[in-house]
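Have a look at the structure below before the remarks.
Nothing in this text is a laboratory measurement; each read-out follows from the coordinates by a stated rule. Predicted model only: the values in this text are computed from it and were never measured. Glycine also receives a Cβ, built like all others from the backbone with ideal geometry; neighbour counts cover every protein chain displayed.
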Amino acid sequence: MAHYDVIVIGAGNGGLASAATLAVNHKKVAVFEKHNIPGGCGTSFRRGRFEFEVALHQLNGMNTKERPGPTRQLFRKWGVEDAIEWIPIETLYKINLPGGRGVALPADKKKACQLLCKEFPAEAEAIRRYFQMVWKFNEEIADFLAKSAASPANPSELKKFITKTGFPKIYKVLARYGVRSTQDVLDEFFKSRELQLCLSAYWCFMGMPPERFPFSILARCMYLYTVDKPYYVRGGSQVMSQALMDTIRRHGSEVFLNCGIRRILLKNGRAVGVEDENGNAHYAHKIISNVSPTITYAGLLKDEEVPEACRQYFKSYTTGISALTCFIGLDCPPEDIGFTDSFNLIYDSLDANQDFKNAYFTNTKADPIVATCYTIDDPCVSPPGTSIITAGTLKYGEAWEKLSPEEYHRTKYEAADQIIRRLETRFPGLREHIEEMEVATPLTHMRYLGHPGGAIYGYEQDLKSSVFFFPQDEFIPGLTFSSGWVNTCGFGPNYAYGDKIAQSILKEGR
Amino acid sequence: MSGKPIKDMIIGTMRNGPETLKELEMAKKTGKDISQERDVVKKKVAQYHPSVLHLVVSEIEAVSPIAKRIRLVSEDGYLPPFEAGQYINVFCEIDGVRTSRPYSLSSSAKQRAFYEITVAAVDGGFVSGYLLQCLKPGDRLEANGPAGVFHYHPVFHSKKSVFLGGGSGITPFVSMIRTVLESGEDREITLLYGSRTEEAAMYHEELSAFAKKHSNFHYTLILSDEEKEGMEHGFLNAARIQAHVPDILDCTYYLCGPAVMMEFCRKALEELQIPGRSIRREVFGTRRDIWNEPGWPEGMTGEEIFHIQIGEKQIEAKSGESVLTALERSGVRVNVCCRSGECSLCRVQLVSGKVFTAQGALLRYADECFGYIHSCKAYPISDLELRF
């Protein structure tokens, strides 16, 4: 019977990050992963001459070696910063508007602002005000976080201070924009729909249309990606996942691949261990679930073991969106078909909110398309003279779950065909250069991630369920969570949150 | 967290804050109970990719003097859908050794009442020998899959298909042909089937009958080891392909057969200047004479014995046999599906030692950085230490 300090269920980004921090700090950890490879979303697969990245578009929080951002600092702490080749990206994204107009935003505040003023001269003043506001917003957040951190043992001090002065007086920008939707804020500043689309892009990283996407997340993304620059990784996210697994093992902890967990073991209401799929029990002082709370409570515990308060609490969280993605290997370089920027958002209409509603259907006739050309970030990503593009749309799983098995393959190819057809109008010749192509649907994500609805970003991250309201409450002693389900999703945020959870366990142990 | 009341207090003072808090309260009343999610994902995934297929042999019939088709039904009545051209990986335990072999499905993908696989005798074939000689109707088999990427992809493949098949490599094509012809799909298929003799050609009668009945299916049997009236003699070379395929640049080519034949066809297509994107090749296991593969270390015969350390266990392995085979032989359970380097399920870490990696191992960049191998395509050429 094995006994560990901490057991981690799942070797996704959050699980690996927590385990790495704990292992580096001399805790005895065991990570259990049902797949044959670590990483969860952070992985890749091979087809023919190509290796396709599954999840990573742009890593945040890197910045340079000399001015390391939070993500780089973590990899440094884990001892693998230099084991990975980090590739900076100069452009945040390119917005491809209806009619063929394209705006590629540089990862530089001044240049981005200038470019937008040039593109939309009538609203130049508003653009400048907007950028100022976004930066001020982030400064206020930093200040508030610093104050909260300075009085962790005494929140009442902070409370007194805030009550006395009034939060809106101290944090003016935060109070005005902190709990509003992206659309709401952009409407306050701008008239041009095109300009709004040029600034709302990050909605697709969280799977909420602008009218439901929390502005605070947009403001964070815009600021962090600009300050620390977006990065890609040579070899893709699997390299980071593997490096983290190596860190864990190198420090004497264990990662068990091909070993799923069947249930969590409780004793007197406290989580004390897990039982793996081979029926072996493993025990620990603390269990971290990198699996969604939904599957943790409804799949790894019995109904009667889940407290009523927990079931009540999770009622306000709904399963988030999944995706339909075409992984495409081309037998030509990107410029042959007119691909110039790595991360593209493609709109065939100016109403992103309306187009997003098509996410509830299987067809892809109206959905905004996200297309990433990895060859532009890293020309070595595939053999010389070839390129890799992943293009897809966000899709809810429900319509796909309702398909009969007979309808599935045809529906999948029709949806993919429609995406290629739409891309061809902007990138002529694309189809005839396809050498390899794989299509992943919400059911594919469900299969590999085990997530309800094939969700790729966790629960829906609207105003009432994210930022201030992430489902971080705990209901079973000894059981905590570390994943994109309980925090902002994405690589950087997940690594950071995984580290934070590990830090709090280290503190408990002291 | 202890900051909760302070959080609500702050949000209450923010613009749109009270509205958001109200919305949250509403959602708590109307949302879905988490317990309704129990097993939903598991059941949905199992419809397409059950972790194990429990199969029962329903019929066995000879399709050539050395091959039989085996019809399999599901123990619980449910078989997942597949795409014509895909395979299942059939497990069996022979003389106490649990191993598996991938077999292309040859039945039509338009029905799921049964799966059919076709097993041909292979010289010294461990599993094929067992399946051909010992298997009988009513026997149970476990398998995983269906899996594989050797199938028609309507988004970028031509509607005009050319199938170049050799020997038992005909089986995925039989499935593709049945699927297209039985459903009246708007596609055109030309099959050039290379066989040593007419007698050894599998499904020859059925294919001939299809060709008579369907104007969109063209079938030519090419015999290498005998000359017969009304049949072509020789190999699947460029001239022959050109003779049978009028618009050679408009087609997608699908190759399946022994390694030698595949290489021969690849060269023929290259000669005809068919772009690589129009050529699909089925992985077809690994050659049995691995010591003849380009790059094999000089002076080694395939008979050398090395030691493999894995966990507490130490086993012996022959250089001419894959690491996977050596592990299975010694009772180590390895996750596996394609056995051809493609699926990556049998990936293991090479802690120390050297392996020869056969062609077709689709390793990830990270695998090469961190020393992972696909055990089905790796041959020990020194003592090894492995880790799962």
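Filter the trypsin sites (Lys or Arg not before Pro) in segment A:146-200 to those in DSSP coil with at most 14 other Cβ atoms within 10 Å of their Cβ, and list the result.
A:Lys191
Peptide B:358-366: average number of partner chain Cβ atoms within 10 Å per residue?
6
Which residue fluctuates most in the GNM of chain B (Cα springs below 10 Å): B:Cys369, B:Cys265, B:Cys256?
Evaluated over chain B, the most mobile residue of the options is B:Cys369.
Using a simple spin-label model with points 7 Å from Cα along the Cα→Cβ vector, what separation in nm is obtained for A:Thr425 and A:Arg101?
So the label points at A:Thr425 and A:Arg101 sit 1.7 nm apart.
Can you give the helix-only mean residue ellipticity at 222 nm for chain B, where every DSSP H stretch with n ≥ 4 adds -39500 (n - 2.57) and the sum goes over all residues, rounded to the nearest 500 deg cm²/dmol?
After summing the helix terms and dividing by the residues of chain B, the value is -7500 deg cm²/dmol.
Note down the nm distance, to one decimal, between modelled labels 7 Å out along Cα→Cβ at A:Glu66 and at A:Thr340.
The answer from the label model is 3.1 nm.
Under a straight-distance cross-link criterion of Cα-Cα below 18 Å, which aspartates and glutamates are reachable from A:Lys402, leaving out those fewer than 8 residues away in the same chain?
A:Glu414, B:Glu37, B:Asp39
Over the Cα atoms of the protein assembly as shown, what Rg and Dmax result, in angstrom?
Looking at the protein assembly as shown, its Cα Rg and Dmax stand at 29.0, 103 Å.
Please give every one of the aspartates and glutamates within straight-line cross-link reach of A:Lys147, meaning a C-alpha to C-alpha distance under 12 Å, and leave out same-chain neighbours fewer than 8 residues apart.
Cross-link targets: A:Glu157.
Among the listed pairs A:Lys94/A:Lys191; A:Lys27/A:Lys77; A:Lys110/A:Lys229, give every one whose C-alpha distance is greater than 18 Å.
A:Lys94/A:Lys191
Estimate the FRET efficiency between A:Ala149 and B:Glu385 by the formula 1/(1 + (r/R0)^6), using the beta-carbon distance for r and 35 Å for R0, to the nearest 0.05.
0.15
In nm, give the distance between the simple-model label positions of B:Leu272 and A:Arg193, each being 7 Å from the Cα along the Cα-to-Cβ direction.
Distance between the two pseudo-spin positions: 5.0 nm.
Considering only DSSP beta bridges whose two residues both sit in chain A, what percent are antiparallel, to the nearest 5?
The antiparallel proportion sits near 70 percent.
Contact order normalised by length for chain A, with contacts defined as Cα pairs under 8 Å and 6 or more residues apart; what percent is it?
Relative contact order here is 24 percent.
I need the shape label for segment A:44-199. Rule: rounded when a/c is under 1.5, else prolate if a/b > b/c, else oblate, with a, b, c from the alpha carbon gyration tensor.
Judged from the Cα gyration tensor, segment A:44-199 comes out oblate (a/c at least 1.5, b/c at or above a/b).
Which percent, nearest 5, of DSSP beta bridges in segment A:321-452 are antiparallel?
Bridges in segment A:321-452 that DSSP calls antiparallel: roughly 100 percent.
Quote the relative contact order of segment B:49-147 in percent (integer), defining contacts as alpha-carbon pairs under 8 Å separated by 6+ residues.
39
Apply the Karplus parameterisation 6.51 cos²θ - 1.76 cosθ + 1.60, with θ equal to phi minus 60°, to every residue of segment A:468-479 and state each ³J(HN,Hα) to the nearest whole Hz, in sequence, with x for glycine and proline.
Each residue of segment A:468-479 in turn: 7, 10, 4, x, 9, 5, 10, 10, 10, x, x, 10 Hz.
What FRET efficiency comes out for the pair A:Lys160/B:Lys213, r = Cβ-Cβ distance, R0 = 56 Å, nearest 0.05?
The computed FRET efficiency comes out at 0.05.
Given A:Lys500/B:Lys29; A:Lys412/B:Lys212; A:Lys267/A:Lys302, which pairs have Cα atoms separated by over 22 Å?
Result: A:Lys500/B:Lys29; A:Lys412/B:Lys212 exceed 22 Å.
Considering only the protein assembly as shown, what is the antiparallel percent among its DSSP beta bridges, to the nearest 5?
Expressed as a percentage, antiparallel bridges in the protein assembly as shown total about 65.
Out of segment A:50-96, which GluC sites (Glu not before Pro) are coil in DSSP terms and have no more than 12 other C-beta atoms within 10 Å?
Filter output for segment A:50-96: A:Glu66.
Given the DSSP H assignment, sum -39500 (n - 2.57) over each helix run of at least 4 residues in chain A and divide by its residue total; what's the result at 222 nm in deg cm²/dmol, nearest 500?
Here the helix-only value at 222 nm equals -11500 deg cm²/dmol.
Return the Rg/Rh value of segment A:241-302, two decimal places, where both radii are evaluated on C-alpha atoms and Rh is the Kirkwood radius.
Here Rg/Rh amounts to 1.00.
Can you compute the FRET efficiency between B:Gln133 and A:Tyr283 using 1/(1 + (r/R0)^6), with r the Cβ-Cβ distance and R0 = 56 Å? Round to the nearest 0.05.
For R0 = 56 Å, the calculated efficiency reads 0.70.
Can you tell me the orientation of helix B:259-271 relative to chain B, as the angle in degrees between its alpha-carbon axis and the longest Cα principal axis, to the nearest 10?
Taking the Cα atoms of chain B, the angle to B:259-271 is about 90 degrees.
In terms of Cα to Cα distance under 15 Å, which aspartates and glutamates are near enough to B:Lys43, apart from those fewer than 8 places away along the same chain?
By straight Cα distance, B:Lys43 reaches A:Glu398, A:Glu401, B:Asp76.
So what's the net charge close to B:Gln349: Lys and Arg +1, Asp and Glu -1, counting the other residues with Cβ under 10 Å from its Cβ?
Result for the local shell: 0.
In nm², what is the average projected area of the convex hull enclosing the Cα atoms of segment A:108-224?
Taking the Cα atoms of segment A:108-224, their convex hull projects to 8.0 nm² on average.
Taking Rh as the Kirkwood radius computed over C-alpha pairs, what is the Stokes-Einstein D of segment A:149-201 at 20 °C in a medium of viscosity 1.002 mPa s, expressed in µm² per second?
Reported coefficient: 159 µm²/s.
Long-range amide H contacts for A:Val8: which residues qualify at under 5 Å (H placed 1.01 Å from N, peptide plane, sequence gap of 5 or more or a different chain)?
Amide H to amide H, under 5 Å and 5 or more residues apart or across chains, A:Val8 pairs with A:Ala30, A:Val31, A:Phe32, A:Ile288.
Could you list which residues have their amide H under 5 Å from that of B:Val355, counting only those 5 or more apart in sequence or on another chain, with H placed in the peptide plane?
B:Ile381
At 18 Å minimum axial length over the Cα atoms and a Kyte-Doolittle cut of 0.0, report the qualifying DSSP H helices in chain A, or say none.
Long hydrophobic helices here: A:215-228.
Using the Kirkwood formula over every pair of different C-alpha atoms, what hydrodynamic radius in Å results for segment B:49-147?
After inverting the pairwise mean of 1/r, the radius is 13.5 Å.
Taking Cα centroids, how far is segment A:37-71 from segment B:131-152 in Å?
Value for the Cα centre distance between the two parts: 37 Å.
Using DSSP to define loop residues, name the trypsin sites (Lys or Arg not before Pro) in segment A:314-393 whose beta-carbon has at most 12 other beta-carbon atoms within 10 Å.
none
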